[in-house]
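The values are calculated or read from the model by the stated rules, or taken from the named source; none is laboratory data. Remember, it's a predicted structure, so these values are computed and weren't measured experimentally. Every residue, glycine as well, gets a Cβ built from its backbone with ideal geometry; the counts of neighbours run over all protein chains shown. In case anyone asks, the SASA skips ligands and DNA or RNA and just uses the protein heavy atoms, side chains included. Shrake-Rupley method; radii C 1.70, N 1.55, O 1.52, S 1.80 Å.
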Amino acid sequence: MDNTTILKSKAAVSENPSVGQSVKVFAPATVANVVCGFDVLGFAVNEPGDEVIMRVIDKPGIVISKITGDNGRLPLDPKKNTVSVSVDHYLKHIGRTDIGLDIELHKKMPIGSGLGSSSASTVAGLFAAKTLLGDETDAVELLPFARKGEEMACGHGHADNVAPALLGGFVLIRSYDPLDIVKLPHPKYLHCAIVFPDVDVPTREARQIIRNKIQMKDAVTQWGNIAGLVSGLFMNDIDLIGRSMKDILVEPVRSLLIPDFYKMRELAMELGAVSFGISGSGPSVFAFTKDDETARQITQKLQKHLAAININSNSYVSTINDLGPKVI
Ligand code: HSE
């Protein structure tokens, strides 16, 4: 079944924006998988994130006039850029191919970092288009279009970055076909320390190295942990959250692509992390902590460690972003 079938109706578009009208939207970075939930769990953070400025133009179609912060890595060709391709699918769906849109994309986060970089851009673009058109349908209905962007970026339309980027908060993809998205509660004090070691790990390749067959006993361990994490979130039980965030399926393989992954985990746990793991497909790593100060100590320690082995890095500390995209 095509996932667009989850759309209940054509969008409730109420406005015909005038030429020159514009909107600027921020959409957040996301941590997908959340260690044990490969392709089914993700959450949004407050920073980093991407910005899109979208302007109505008089000629129908989509133009990308500017991309900044990408070091020339992203295509300006609207047929090849994930933002314009997703927006194009959306415009076709709502029957508004008569409209002309100019897109400026301002990358405020590293590409290929495992922080949902393409998702943040795509979601910012879709939310900008929805806002300009006065489309009041629920943001979740943009998800199939956002997944088109993911498909283009890495060959697979996983939703564990785009769903939290679009909806904010902690999200479970209970099913892909049909798409069934569940927002999960989380302890409000939960902080996330993220470190991005500046090495290249493209998601497409990081997906190719994963085993596609697993042992039943490993599956049992993994789904016990996923259920434990979800229960911990509902019960506000930080110890249960921490001990459930273990991944025996994907992490053993992907950790090989991340410099000193296990040493970084040891350092983070020594400093009081609740849990530690790979963010999305890596190379970023993240730790949950109970407070801001511990999160900052962890990012400092890990960055110092990476510098000592000649690896540049960036870091971010954030609570969980419950809002998703916003007009700025
Ligand atoms: N679930 C996806 C993966 C997320 O791990 O490949 C990519 O950011």
Identify the residues of region 41-69 with backbone N under 12 Å of a label point that sits 7 angstrom from the Cα of Val19 along the Cα-to-Cβ direction, or state none.
56-60
Under 10 Å, Cα contacts only: if you run a Gaussian network model on the chain, which one of Ile210, Ile53, Ile278 comes out with the highest mean-square fluctuation?
Ile210
Give me the one-decimal nm value for the distance between modelled label points at Asp218 and Val253, 7 Å along each residue's Cα-to-Cβ direction.
0.8
Can you name the helices of the chain, as whole DSSP H runs, whose Cα span along the helix axis is 18 Å or more and whose Kyte-Doolittle mean is not below 0.0?
117-132, 216-235
Roughly to the nearest percent, how much of the accessible area of region 10-184 is carbon and sulfur, given a 1.4 Å probe?
50
Partner aspartates and glutamates for Lys246 [C-alpha distance under 19 Å; skip if fewer than 8 residues away on the same chain]
Asp39, Asp160, Asp218, Asp237, Asp260, Glu266, Glu270
Taking the Cβ-Cβ separation of Phe234 and Asp39 as r and a Förster radius of 22 Å, what is the calculated FRET efficiency to the nearest 0.05?
0.60
Could you list which residues have their amide H under 5 Å from that of Asn46, counting only those 5 or more apart in sequence or on another chain, with H placed in the peptide plane?
Thr319, Asn321
Under 5 Å between amide hydrogens, which residues at least 5 positions from Ser313 or on another chain qualify, with H placed 1.01 Å from N in the peptide plane?
Asp198
For a 25 Å ceiling on Cα separation, which of these pairs sit above it: Lys107/Lys148; Lys24/Lys80; Lys130/Lys183; Lys183/Lys263; Lys108/Lys148?
Lys183/Lys263
Would you list Met152, Met216 from the most to the least accessible area, probe 1.4 Å?
Met216, Met152
Lys92 versus Asn310: modelled label distance in nm, points set 7 Å from Cα along the beta carbon direction:
4.8
Built amide H within the under 5 Å cut-off of Ile64, gap 5+
Ile103
Determine the shape class of region 168-216: with a ≥ b ≥ c the square roots of the Cα gyration tensor eigenvalues, call it rounded for a/c under 1.5, and otherwise prolate if a/b is greater than b/c, oblate otherwise.
oblate
Computed over the Cα atoms of region 191-319, the Rg and Dmax in Å are 14.8, 42
Expressed as a rounded percentage, what relative contact order does the chain have, with Cα pairs under 8 Å and six or more residues apart?
24
Using a 10 angstrom cutoff on alpha carbons, build the Gaussian network for the chain and name the most mobile of Arg207, Arg265, Arg55.
Arg207
Counting only helical runs of four or more DSSP H residues, what would the 222 nm mean residue ellipticity of the chain come to if each run contributes -39,500 (n - 2.57) and the total is spread over all its residues?
-10000 deg cm²/dmol
If contacts are Cα pairs under 8 angstrom and at least 6 residues apart, what is the relative contact order of region 10-184 in percent?
30
Arrange the residues Tyr189, Tyr316 by how much accessible surface each exposes, largest first, with a 1.4 angstrom probe.
Tyr189, Tyr316
Using θ = phi - 60° and Karplus 6.51 cos²θ - 1.76 cosθ + 1.60, couplings along region 105-112 (whole Hz; Gly, Pro as x):
10, 10, 6, 10, 8, x, 7, x
Does the chain come out rounded, prolate or oblate by the C-alpha gyration tensor, with a ≥ b ≥ c the root eigenvalues, rounded set by a/c under 1.5 and, if not, prolate when a/b is larger than b/c and oblate if not?
prolate
Count the DSSP beta bridges whose two residues both fall in region 47-177, then state the antiparallel fraction as a percent rounded to the nearest 5.
50
Residue separation between Thr319 and Asp58 times 0.36 nm, minus their alpha-carbon distance, gives in nm 89.9 nm
Unit charges on C-beta of K, R, D, E only; dipole of the chain, Debye
320
